[in-house]
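All remarks here apply to the structure that follows.
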Amino acid sequence: MADGLQTARAGVLTTVQDLGRAGYAHLGVPRSGALDTGAHRLANRLLGNPETAATLETTLTGCAVRALRPTVAAVTGAPCPVTVDGRPAAWGQPVHVPAGAVLDVGAATHGVRSYVAFDGGVDADPVLGSRATDLLSGLGPAPLCEGAVLTLGAPPVHRPSVCCDAAVWAGPPRELLLPVVLGPRHDWFTPGGLRTLLSCGYRVSPASNRIGLRLEGPALERAREGELASEGMPLGAVQVPPEGRPVIFLADHPTTGGYPVVGVVPREALDAAAQAPPGTPVRFAPAGA
Amino acid sequence: MREAGGEGDAGRGQLRAAVLPVGRDGLLVELGTAEETEALHAELLRRRARGTLPPVAEIVPGATTVLLDGFPSADAARALAAELPGWDVPPLTGSAESALEIPVRYDGPDLADVAALWGVAEDEVPRIHTAAAFRVAFCGFAPGFGYLTGLDERYHVPRRADPRTRVPAGAVGLAGPYTGVYPRSSPGGWQLIGTAPETVLWDADRTPAALLAPGTRVRFVPLDPDGPGHGERGAGPAPGRRP
């Protein structure tokens, strides 16, 4: 397939993402993939792409690409101004981009990460079955840089004629409420430490990234000292390093680790975590079974 | 959900493990020793190959745990948690399986420190290290990085007090009970005893991409710094060969 796009503005961090490479954690390979999987899937559905097609994931400042052949794009996730050659275009709807035109995905008006799907998907070389950029291990395509050319796959044969699921997204709540299932290592913390987790407010730290959502706030009191023998770490693990502030593991998290996991945030709550900018208040609540 | 399995009254193979819930659809099985952990991991892989294990996205061994993550439902996870302590897990069989050979030049910057910690002469370090039969206990840190057990307890060493900001690819290091080979250049705090210049631990374009997986048996063979012909190794370089 011929070249499809040329990067005109890379933004602070724009990566190629899909649904990741699950099934290789035992080899030390993170799952990776889109942080806001709902937005990634919706962008593909809007174009009739399979949900596994690769999209671009932007970070706060968006990105711009020049179409090297006519294409159709859809932008979801963090709401932002969308333009084609400077003319306003729809967010959350298929947008036609003529050959030579520049699609500009602007800075997020709220939220953090926008997803840009293209007709046929971004066609980077897959690694272990996925085109996702894994920033922890450096697997998958490099983050976009100015001038970089991306290939697009073959457009889908059946494009949805009516756009039925482009519900307007309300944007991230002012406060991120994270359900948490305690364990497996909540017994490494005192009852007071667990009360701190479930009753005190935290804030999203600017040091957050695709590996983890770091929090600012009170430290959790430990019931026992020392290091845990390395064990497997699930997506959504609330890991507590020695300084006591929880880190929620996102898609590019390490697969094993030696700090205790006080609880796990269920997968379906992580899309919202991916859209919480630094400073967002965070509260934990016990998850229902 | 914490359950202690068959204490004393059951067959030798019966699992003695605590099963801890992980989120809604995962389990962490905690065992007493690294050997029991590897035996359970092998059993899980056998059951998965036979199709008798409920589908689960990830089976991730740790030092003394196995994480089972991503069951199709919370009920599936709960059912296996209830069943696991009754499993009859055969102990690990001997090292009948041939070992992967990793040629090493014992020229690491921490060789003298390790010799001092072991209380041996520097040239004894390669002899002791190449005599041990290693197994990949678990992976992590980076794709292709295996934590290898097999060194006798008296040869366990602490991490360096001052981690290096850059350890080159191929460096062979020791930390705690483990030996590891850095798949690529990265920061690291392990005591470096040598270099494995011929072995490619990770190559995304190769099948399999990772040379080392949990359970892989490994032997290190000495690579003469002055050329081939030293020790039991043949002449030609054969990255990651299996004899």
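The values are calculated or read from the model by the stated rules, or taken from the named source; none is laboratory data. If you're wondering where the values come from, they're calculated on a predicted model, not measured in any experiment. Cβ coordinates were reconstructed from backbone atoms using ideal geometry, including for glycine residues, and neighbour counts include every protein chain displayed. These accessible areas exclude ligands, DNA and RNA; they are computed on the full protein's heavy atoms, side chains included. Shrake-Rupley method; radii C 1.70, N 1.55, O 1.52, S 1.80 Å.
Give me the percent of accessible area attributable to carbon and sulfur for the protein assembly as shown, probe 1.4 angstrom. Carbon and sulfur together cover 54 percent of it. Other protein chain C-beta atoms within 10 Å of residue C-beta, averaged over A:135-147: 2. Ligands, DNA and RNA aside, A:ASP123 has an accessible area near 60 Å² when probed at 1.4 Å. Ranking A:THR256, A:THR52, A:THR37 from most to least accessible surface, computed with a 1.4 Å probe over the protein chains only, gives A:THR52, A:THR37, A:THR256. For chain A, modelled as a GNM whose springs connect Cα atoms under 10 angstrom apart, the maximal fluctuation among A:LEU128, A:LEU60, A:LEU150 occurs at A:LEU128. In this rough spin-label picture, where each label sits 7 Å from Cα along the Cβ direction, the A:THR83-B:ASP88 distance is 7.4 nm.
What is the sum of charges, Lys and Arg at +1 and Asp and Glu at -1, for the other residues whose Cβ falls under 11 Å from the Cβ of B:GLU36? After counting each charged neighbour, the total is -3. Applying 1/(1 + (r/R0)^6) with r as the Cβ-Cβ distance of B:ARG46 and B:ALA132 and R0 = 30 angstrom yields a FRET efficiency of 0.70.
For a paramagnetic label modelled on B:SER185 (point 7 Å from Cα along Cα→Cβ), amide N atoms under 19 Å away belong, within region A:99-139, to A:136-139. Under the combined filter of DSSP loop state and at most 13 neighbouring Cβ atoms within 10 Å, region A:181-265 retains these GluC sites (Glu not before Pro): A:GLU225, A:GLU227, A:GLU243.
Model label points for A:ALA207 and B:ASP107, set 7 angstrom from Cα along the Cα-to-Cβ axis, are 3.8 nm apart.
Taking the Cα atoms of the protein assembly as shown, the ratio Rg/Rh between the radius of gyration and the Kirkwood radius comes to 1.00. For region A:4-151, the calculated P(r), taken from all Cα-Cα distances in 10 Å bins from zero up to the bin holding the longest distance, is 13, 47, 33, 7, 1 percent. Solvent exposure of A:THR190, expressed as accessible area, is near 30 Å², computed with a probe of 1.4 Å over the protein chains only. Applying the Karplus relation 6.51 cos²θ - 1.76 cosθ + 1.60 with θ = phi - 60° to region A:42-51 yields 3J(HN,Hα) values of 4, 4, 5, 4, 4, 9, x, 6, x, 5 Hz, where x marks Gly and Pro.
Quick check on region B:100-222: of the DSSP beta bridges with both residues there, what percent are antiparallel, nearest 5%?
80 percent
A Cβ-based charge dipole, computed about the Cα centre of chain A with Lys and Arg at +1 and Asp and Glu at -1, lands at about 360 debye.
Which residues in region B:23-37 have a backbone N closer than 14 Å to a point placed 7 Å from the Cα of A:ASP187 along the Cα-to-Cβ line? Residues B:28-32 qualify, since their backbone N sits under 14 Å from the label point.
For region A:70-122, the Kirkwood hydrodynamic radius from C-alpha pairs, put into Stokes-Einstein at 37 °C and a viscosity of 0.692 mPa s, yields a diffusion coefficient of 298 µm² per second. Across peptide B:144-154, the average count of Cβ atoms from other chains found within 10 Å of a residue's Cβ is 1. Once the mean of 1/r is taken over each pair of separate Cα atoms and inverted, chain A shows a Kirkwood hydrodynamic radius of 19.5 Å.
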